[in-house]
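One structure below.
The values are calculated or read from the model by the stated rules, or taken from the named source; none is laboratory data. Because the structure is predicted, anything quoted here is derived from the model rather than measured. Neighbour counts are summed over all protein chains in view; Cβ atoms, including those assigned to glycine, are modelled from backbone coordinates with ideal geometry. Protein only, heavy atoms only, side chains kept; ligands, DNA and RNA dropped before computing areas. Shrake-Rupley method; radii C 1.70, N 1.55, O 1.52, S 1.80 Å.
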Amino acid sequence: MQKNPPTLDELVSLTKRRGFVFQTSSIYGGLANSYDYGPLGVELMRNIKNLWWKAFIQQREDMVGIDSQILLHPKTWVASGHTTAFNDPLVEDLVTQKRFRADHLIQEWQEKNNKTSEKSPEEMSVEDMGKYISANKIMSPDNNTVSAPKVFNLLFETSIGSVAGEKSVVYLRGETAQGIFTNFTNITNSTRIQLPFGVGQIGKSFRNEVTTGQFVFRTLEFEQAEIEYFFDPEVTDWQKLLEDWKQAMWNFVTQTLGVREENLRWRKHTDTERSHYSKDTYDLDYKFPFGWKELWGIAYRTDYDLKQHQTLSGENLEATDLENRRFIPHVIEPAVGLNRVFMMVLTEHFWEDAERSRTVLSLPQQLAPNTVAVFPLARNKPELVAVAKEIYVKLAQEVPTAWDDRSNIGKRYLYQDEAGTPFCVTVDYQTIEDQTVTIRNRDTTEQIRIASSEILEYLKKNS
Ligand code: ATP
């Protein structure tokens, strides 16, 4: 089956049409870089979260999970460096005053002008970017001159406990990782886990992003899934550990999510680009509709975070080995935005079936919002509706099941193809005579007759 990647417009249009993704507050004209997940999107996202949790937390004896708060003690972000170093370089359009990421403007200009062999923005300091922009007269997307780049902090600020006019500033977390570090001793004291071990968390993170037009790839709030894998650097070889985690990430994307290897690549961060705390960082990039972009990052953060929290809190965050040697564990962090995973699986499994004039989402069964849809041949035949309802109720106990009795069968198939439902079951007059139904395969459109009592087994066999 030939699958051509969709354009961004095709993807946005399908996801809106079928209720995967809606623009946030669309009745008010929308809110930049914000999207809501509709009836099918919420199911797809839940399946992604569950698969991640199962693979990285539940199926590993060296991992545990946690769910920390979005609002943390503000000192957390001072310790982690986010209040000072969590910045993007921004330029301002001197006419419209709109702000843009300097690195993104440079990258787009280089791609457009075939200059990608020149020094990439990842290798430039903020000052270098300013010089490069003015030397090459790079303009804003509205074709106006831009200011020199300035750093802009990505943390969202809010306040709590407005007592007698006094407000205390807190931040919406910029990453979930810090809630793991601040609970490090709570976890080691309350569980039986020993180094090396990891802690995983899925939850909302917030970043004041200004780059627009990247759909759910880059949003103000997003579902982050992060792992902090703690180890003793004198016992565990960090390079081997990093390779093992890279392999685990690769396997998850290719095997569990069914993404083709040719659409994935590893990219090592340059020295200038790497975060202040990291010794080595890689991005797992995916070929999104707007080019190769970071899907999932993995960084060796050393003992930076725990050390910082120990200093600022005054709490001891050390571990001890069998010889009573005290040390601060080091950490490797695989971190991904599940919204990017969501966009990747839709891009990957989108398919224009020209031969049959239809659009299909060939989602693997474990990702599909519904495993099966049940139809009575006609909605005005109570005898068929009753049998179909009975089958629906039975299946829905076991697997996510959709019901449709609107319009004709052909239209229902087209809808379920776009919704990514792997199988459709139709109840007709023969069902009443011999208790068989037709079951239709989304990808091949082939239909066969099976006993209605065997539908579940068939779904399992063909998952
Ligand atoms: P980018 O360079 O694309 O802005 P980043 O390098 O700042 O991303 P990290 O700080 O490494 O991202 O965050 C870890 C992961 O969180 C990223 O790999 C990505 O999957 C996800 N992520 C980061 N920012 C966003 C966002 N605004 N929307 C959705 N996901 C995001």
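Residues being assigned to a loop (DSSP other than H, G, I, E, B), under 22 Å from HIS349 (Cα atoms) and not small (Gly, Ala, Ser): count how many of those fall in segment 409-428. So the count comes out to 2. Pairing residues of segment 26-39 that are of a type in the set (Ser, Thr, Tyr) with residues that are exposed (fewer than 13 other Cβ atoms within 10 Å of the Cβ), at Cβ distances under 8 Å and at least 6 apart in sequence or on separate chains, gives SER34/SER25.
Restricting segment 28-50 to residues that are polar (S, T, N, Q) and closer than 19 Å to GLU221 by Cα, the residue that is farthest from the ligand (Cβ to nearest atom) is SER34. Among all positions in segment 222-232, there is at least one residue which is part of a loop (DSSP other than H, G, I, E, B) and at negative phi. Taking first residues from segment 378-390 that are open to solvent by 90 Å² or more (accessible area, probe 1.4 Å) and partners that are of a type in the set (Asp, Glu), the Cβ contacts under 9 Å between residues at least 6 apart in sequence or on separate chains come to ARG379/ASP405. Of the numbered criteria (1) over 20 Å from the mean Cα position of the chain (by Cα); (2) over 30 Å from THR158 (Cβ atoms); (3) not aromatic (Phe, Trp, Tyr), the one ALA55 fails is (1).
Does PHE206 fit the bill of being within 29 Å of HIS73 (Cα to Cα) and more than 13 Å from the ligand (Cβ to nearest atom)? When the stated conditions are applied, PHE206 does not pass them.
Contact annotation: residue pairs with Cβ atoms under 8 Å, 6 or more positions apart or on different chains, pairing a residue in segment 273-299 that is over 19 Å from VAL253 (Cα atoms) and in contact (Cβ under 8 Å) with a residue 60 or more places away in the chain with a partner that is open to solvent by 40 Å² or more (accessible area, probe 1.4 Å) and within 10 Å of the ligand (Cβ to nearest atom), are GLU273/GLU122. Checking the structure you have, find out if any residue of segment 288-305 is away from the ligand (no atom under 15 Å from the Cβ) and within 28 Å of VAL78 (Cα to Cα). There is at least one residue in segment 288-305 that is away from the ligand (no atom under 15 Å from the Cβ) and within 28 Å of VAL78 (Cα to Cα).
Considering each residue of segment 129-141 in turn, at least one proves to be surrounded by fewer than 17 Cβ atoms within 10 Å (Cβ to Cβ) and in contact with a Lys or Arg (Cβ under 9 Å, 6 or more places away or on another chain). Of the residues ILE187, ILE180, the single one that is within 14 Å of the ligand (Cβ to nearest atom), farther than 22 Å from ASP36 by Cα and either in contact with a Pro (Cβ under 9 Å, 6 or more places away or on another chain) or assigned to a helix (DSSP H, G or I) (or both) is ILE180. Quick one: would you say THR270 is more than 22 Å from the chain's Cα centre (by Cα) and modelled with pLDDT under 95? Yes: the conditions hold for THR270. Strands (runs of 3 or more DSSP E) fully within segment 33-109 that include at least 2 residues being at pLDDT below 95: 87-92, 99-101. The residue of segment 275-287 that is least open to solvent (accessible area, probe 1.4 Å), among those that are more than 10 Å from the ligand (Cβ to nearest atom) and in a loop (DSSP other than H, G, I, E, B), is TYR277. Apart from one condition, ILE48 fits all of (1) open to solvent by less than 70 Å² (accessible area, probe 1.4 Å); (2) among the hydrophobic types (A, V, I, L, M, F, W, C); (3) in contact with an Asp or Glu (Cβ under 6 Å, 6 or more places away or on another chain); the exception is (3). Every listed requirement among (1) touching an Asp or Glu at 6+ places or on another chain (Cβ under 8 Å); (2) over 20 Å from HIS82 (Cα atoms); (3) within 12 Å of the ligand (Cβ to nearest atom); (4) open to solvent by less than 20 Å² (accessible area, probe 1.4 Å) is met by LEU257 save one, (3). Of everything in segment 306-333 that's open to solvent by 60 Å² or more (accessible area, probe 1.4 Å) and touching an Asp or Glu at 6+ places or on another chain (Cβ under 9 Å), which residue is nearest to the ligand (Cβ to nearest atom)? It comes out as ARG326.
Against the test of being assigned to a loop (DSSP other than H, G, I, E, B) and under 34 Å from the mean Cα position of the chain (by Cα), the options ASN370, ASN324, ASN380 yield a single qualifying residue, ASN370. Filtering TRP109, TRP53 for residues that are away from the ligand (no atom under 16 Å from the Cβ), touching a residue at least 24 places away in the same chain (Cβ under 8 Å), under 30 Å from LYS137 (Cβ atoms) and of a type outside the set (Gly, Ala, Ser) leaves a single hit, TRP109. Is it true that some residue in segment 339-357 is more than 16 Å from the ligand (Cβ to nearest atom), touching a residue at least 60 places away in the same chain (Cβ under 8 Å) and in a loop (DSSP other than H, G, I, E, B)? No, segment 339-357 has no match at all. Restricting segment 391-408 to residues that are part of a helix (DSSP H, G or I) and open to solvent by less than 30 Å² (accessible area, probe 1.4 Å) leaves a set whose member that is farthest from SER463 (Cα to Cα) is ILE391.
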